[in-house]
Each structure stands twice: as structure tokens, then as C-alpha cells.
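Reviewing the structure listed below.
Read the figures in this text as sums done on the coordinates, not as results from a lab. Keep in mind the model is a prediction, meaning the values are calculated, not measured. For neighbour counting, all protein chains shown are included, and Cβ atoms are generated from backbone atoms with ideal geometry for every residue, glycine included.
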């Protein structure tokens, strides 16, 4: 049986714990930098509180949901201890760390899933399936807009980046998947405009364009300057049709203005299922059983991160195009690349 340990005990860890419960996978251990928080979440999950050093504490799978500056070390330690890993976004803070994660995952048979839950959300999967029906793409925009988080250290220098780095990886991943499904492959350049906030040095709003060899340009918006109600959506248009998906606050999909039927999750975990958390864990279990690398691999996480790095470098150098693959310094965080402006 798959058993789960939580490395980090924040809000997102509880989402993964609930998804595991929905699959009948027990959470057996919880570790946090705050022992009291570990004990609290362990009580909720029916697990025992442990230290980071004790992980995986008998679990076969470790969910790493610590701050980004800890991701690489925590994930590699869990892999080296014999556990599979679910690594929360953003993948890590630097491309140097991303390289180490990709290498570690390869050493351990690809047993690391980059936790881009939207890739496993039924609405996104159905959207991607239907992309060929719109014909050659003329427009692709993916947006994640909400208010500035009032918890956590998201705007601290230690985090490594702001709205684009933390929130923007979701719409970026969806844009990459949709454009690839339409036959455009990977982007070859990035251009970005970032807007800062007050009282910190992180970005709070990002407008990013992804440029493809075909000439097609996709657009991504990530903002902490919207709200108070969040809005996450996707708009895809082509010569023969239009797709529009709403991810938050509702979950809907339309093709040429008509509703597209989606699987309807029921019960208290419906939202987690609709946003892909349950499918994500189930898929990893299936991948491990089949001995294959997850669809959302460490390499995919690195691909998203290099787009993020190129975007911050673009914003830091007058908003010009930055070529992909990114060839800048691999030991700098997104904020460090941006502040060179």
C-alpha cells in the first residue's frame, strides 16, 4: 500500500493529505520547521509528528511542500532515502538546483512528480484534448489573478520571486501544454513586463508573452493585484473555434459558446478533485507501478522554471526578448535576475 509523509505542514500539505485520504492512502508522518504545527497537522491527518531528519519515516511517498529555498535539498534527501516524491511548485529557486533535481530523479527511476495539479485537472485535460478542434491557433491567453497573499513569506527575498515565480507557474504550465498540443512545440523566446508592489521587493503582477518558432505568441498573466475574488481562466481561439475554460472560482468549459460536459466530483473533496489534486496522486501511483516517469516530471518543472527565469531577465533588461533555452546564470534566483535592471 502507498503511504504518505508530509515534508512541510502548511495549507497545501493539507490539500495533499486530503487527496491521499480520498485514495485510501494513509498519511503516516508529518514534519515541519515548527514542531507544534507538525503535531497539529499530524493530529488532523491521523499521523505522527517527526523531524525532517526522520523522513520518510516509513512512508513510500513524501510530499515536499516546504519553502522553495528548501525544495531541492528536501526532495533529493527523500529520493535518496528510497521514497517517491511529490514536489510542490515552484520547482526550486535556481536552475542549478533544477539540474540537481533532474539528475536525482533520473538516478531514482524518475520517481519525482512536479506538482502541477492543473495538468491533472479534468477541465484542463478536456481542454487540451479539444485544442485540435479550434484549428490553427490565433490566440492563447492563460490568466491567474487574485489578491496578494496575507500569509506566508511569498514576498520575501528568501522565497526567490513573487507573483510570476509562485503563482505564474500554473498558467505558464497550462500555456505550454496547450501550445504543444496545437503543434507549436516549445517556445523559443520570452518577453515580460513585471510590476512591483509596496513594502517589499517582489513582483506582484506579470504580463508574459511566449514566442514560438512558428511565429505564434501566447500570453500569460499572473497577478496578486486583482481581487478580492480570484479569477483563473484560459482562452484558446483558432480558425474554426473558440475554447474558454474557467478554473477558479467555478470550473467550466465552453466550445464556441456551448457548455462542454465535465466529470462532476461530489462531496467535501470535490474542489480538490476538480483542480487535479486527487488525479495527480493517483497518476503518480500508476506511474510508479508501471515504472515510468510522470507526465509532470522534474524535467517539465525545469522547463517551466527556465521560462520564469527568462521572463525575469527580460523584465530586468528593458522588457526585451530573451531566448530559450535560457543561457543566463544558473545560480541566480528570479528576483536576482530582475533586480539587475
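Would you work out if segment 4-116 is rounded, prolate or oblate? Take a ≥ b ≥ c from the square roots of the eigenvalues of the alpha-carbon gyration tensor; rounded if a/c is under 1.5, else prolate when a/b is larger than b/c, oblate otherwise. Prolate. Please work out whether segment 119-323 counts as rounded, prolate or oblate from its C-alpha gyration tensor, where a ≥ b ≥ c are the square roots of the eigenvalues and a/c under 1.5 means rounded, while otherwise a/b larger than b/c means prolate and anything else oblate? Rounded. Here residue 103 and residue 138 are evaluated by their C-beta separation; at R0 = 51 Å the FRET efficiency comes out at 0.80. Computed from label points 7 Å out along Cα-Cβ, the spacing between residue 235 and residue 258 is 2.2 nm.
The long axis of helix 277-290 is offset from the longest Cα principal axis of the chain by roughly 70 degrees.
Subtracting the Cα-Cα distance of residue 266 and residue 193 from their residue separation scaled by 0.36 nm leaves 22.3 nm. Fully extending the segment from residue 33 to residue 51 would add 5.7 nm, taking 0.36 nm per residue of separation and subtracting the current Cα-Cα distance. Here the sum of -39500 (n - 2.57) over DSSP H runs of 4 or more residues, divided by the residues of the chain, equals -10500 deg cm²/dmol at 222 nm, to the nearest 500. Each of residue 339 and residue 40 was given a label point 7 Å from its Cα along the Cα-to-Cβ line. The distance between the two points is 3.1 nm. Roughly what % of Cα-Cα distances in segment 63-175 sit above 22 Å, to the whole percent? I get 43 percent for the Cα pairs in segment 63-175 exceeding 22 Å.
Extending 7 Å from the Cα toward the beta-carbon at both residue 246 and residue 282 defines two label points whose distance is 2.5 nm.
Mean sequence separation of contacting Cα pairs (under 8 Å, at least six apart), scaled by the length of segment 4-116, corresponds to a relative contact order of 23 percent.
Over segment 47-93, the fraction of Cα-Cα pairs per 5 Å bin, rounded to whole percents and listed from the shortest bin up, is 5, 25, 34, 24, 11, 2.
Sorting 92, 7 on the 10 Å Cβ count, fewest up front, what's the list?
92, 7
Most simply put, the chain has about 60% antiparallel DSSP beta bridges, counting only bridges with both residues inside it. Contact order for the chain, expressed relative to its length and based on alpha carbon pairs under 8 Å spaced 6+ residues apart, stands at 20 percent. Relative to the first principal axis of the alpha-carbon coordinates of the chain, what is the inclination of helix 68-80, with its axis defined by its Cα atoms, in degrees from 0 to 90 and to the nearest 10? Between the helix axis and the principal axis of the chain, the angle is about 50 degrees. Any chance you could give the angle, 0 to 90 degrees and rounded to 10, that helix 95-107 forms with the longest Cα principal axis of the chain? Value to nearest ten degrees: 60.
Fully extending the segment from residue 181 to residue 214 would add 10.5 nm, taking 0.36 nm per residue of separation and subtracting the current Cα-Cα distance.
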